[in-house]
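Structure first, then comments.
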Amino acid sequence: MNEQANIDLVRQCYDAFIKRDMPRLLSYMDQDIDWQLPEVEGVPFSGHRYGRDEVASFFKQLSDLQDVQDFRPIDYIAQNDKVAVMGHYGWTVKASGQRFDSDWMHVFTVRNGKVIRFCEYGDTHKAALAYGAGTMLGRQQTTQPQRPPIH
């Protein structure tokens, strides 16, 4: 596939996600897809997954645990088999009612018309705080001594 065809495929992935059409979204992925999100303490759906079934489980957990408030892919950049997408999202964690927003970068690798790899980069600290995992970190920071300014 050429770069424009790869961008079109990724746009279709986002369209299916936004419309909550999981069967269509999963159909764009290779059976052995490598799905990577940063590991975030307290966020059950974070981390590495392999295969379409595990990615389907990811989307189920995502839907069960948080509500999307804002999801916008903004810029698409393609080179060879990679498509990088910059965007923004906002989520509300169902259990806590906490909202977090982040700009993000998604990097897709496409081969033979299917997504074979996905990596997400975003503000994991905000997600950890919204899920309550960052609470101890925040307390530790407030009790540490202040360093004098460097002149």
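Counting just the residues of the range 70-99 that are loosely packed, with under 14 Cβ neighbours inside 10 Å and under 14 Å from the mean Cα position of the chain (by Cα), which one comes out farthest from CYS13 (Cα to Cα)? Applying the filter and picking the extreme gives ASP70.
Specify which of the listed residues (GLN61, GLN79, GLN69) is touching a Gly at 6+ places or on another chain (Cβ under 7 Å) and polar (S, T, N, Q). Just one listed residue meets the conditions, GLN69.
Once the range 1-37 is narrowed to residues that are in a loop (DSSP other than H, G, I, E, B) and surrounded by 16 or more Cβ atoms within 10 Å (Cβ to Cβ), the residue that is nearest to the chain's Cα centre (by Cα) is LEU37.
Can you spot a residue in the range 101-113 that is touching a helix residue (DSSP H, G or I) at 6+ places or on another chain (Cβ under 9 Å) and at pLDDT below 95? Checking the range 101-113: at least one residue is touching a helix residue (DSSP H, G or I) at 6+ places or on another chain (Cβ under 9 Å) and at pLDDT below 95. Which one of the conditions (1) surrounded by 15 or more Cβ atoms within 10 Å (Cβ to Cβ); (2) in contact (Cβ under 8 Å) with a residue 24 or more places away in the chain; (3) of a type outside the set (Val, Ile, Thr) does TRP104 fail to meet, given that it meets all the rest? With (1) surrounded by 15 or more Cβ atoms within 10 Å (Cβ to Cβ); (2) in contact (Cβ under 8 Å) with a residue 24 or more places away in the chain; (3) of a type outside the set (Val, Ile, Thr) applied to TRP104, the lone miss is (2). SER96 meets all of the listed conditions (1) touching a strand residue (DSSP E or B) at 6+ places or on another chain (Cβ under 9 Å); (2) among the polar types (S, T, N, Q); (3) modelled with pLDDT under 90 but one, namely (1).
Scanning the range 79-97 for residues that are part of a strand (DSSP E or B) and either of a type outside the set (A, V, I, L, M) or under 10 Å from ALA130 (Cα atoms) (or both) yields GLN79, LYS82, GLY87, HIS88, TYR89, GLY90, TRP91, THR92, VAL93. Restricting PRO23, PRO38 to residues that are modelled with pLDDT under 95 and not β-branched (Val, Ile, Thr) narrows the list to PRO38.
In a strand (DSSP E or B), of a type in the set (D, E, K, R), closer than 18 Å to CYS119 by Cβ and without any contact (Cβ under 8 Å) to a residue 40 or more places away in the chain - does that describe any residue in the range 43-57? Yes - at least one qualifying residue is present in the range 43-57.
The values are calculated or read from the model by the stated rules, or taken from the named source; none is laboratory data. No experiment lies behind these values; they were computed from the predicted model shown. So basically every Cβ, Gly included, is an ideal-geometry build from the backbone, and we count neighbours across all protein chains shown.
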